[in-house]
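The values are calculated or read from the model by the stated rules, or taken from the named source; none is laboratory data. Keep in mind the model is a prediction, meaning the values are calculated, not measured. For neighbour counting, all protein chains shown are included, and Cβ atoms are generated from backbone atoms with ideal geometry for every residue, glycine included.
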Amino acid sequence: MGRTPHRVRRFWSTKSLSFNQLGLSTELLRAIADKGYRQATPIQQQAIPHILAGRDILAGAQTGTGKTAGFTLPLLQRLQVSHSNGRRLRVLVLTPTRELAAGAWLVEENSGHGRVVTAAADYESGRRPGGLL
C-alpha cells in the first residue's frame, strides 16, 4: 500500500541546533530569523531533515514545541524546489481543529513563499465540499 513512515523518537539532547544547520533554504532562514527564531526545537531538529529528504514521518510532541513549523517549513522548501523544476508537487494539510488549521496557515503566510504556495483555512465544521452534509 503506502510507505511506512519514519518514526521520530523522543529526543533529549543538550545539543541545540540552529535552523542554519538543518538544510533549509536562505529564503526560509531569512523568514525564520525575521520572526525572531534562532534555535530549532528537538522535534524540529529531528523532523526537518527527514521531510527534506522526502521521507514520511510520524511524530508526536507536547503543545507549543514547534511541530507545525517542523513539518511546514521543509514542505514549503520542497514546494519551492518542485515549482522551480517545473514539477507540480502538491500538499494537503488536514487538521482536526480550527486552531491547528490557523497555525499551519500562519506558518505558511509568514514564510514569504506566497508566490509558490496558495494557502487557505476552511473552518466550516460539519460541511463537506460541494455542500454535502
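Within the set of pairs 6 or more residues apart or between chains, which connect a residue that is closer than 16 Å to Leu92 by Cα inside region 49-77 to a residue that is among the hydroxyl-bearing types (Ser, Thr, Tyr) with Cβ atoms less than 6 Å apart? Close Cβ pairs satisfying both conditions: Leu76/Ser111; Gln77/Ser25. Among the residues of region 1-15, those identified as in contact with a helix residue (DSSP H, G or I) (Cβ under 8 Å, 6 or more places away or on another chain) and either farther than 18 Å from Leu75 by Cα or modelled with pLDDT of 90 or more (or both) are Arg9, Phe11, Trp12, Ser13.
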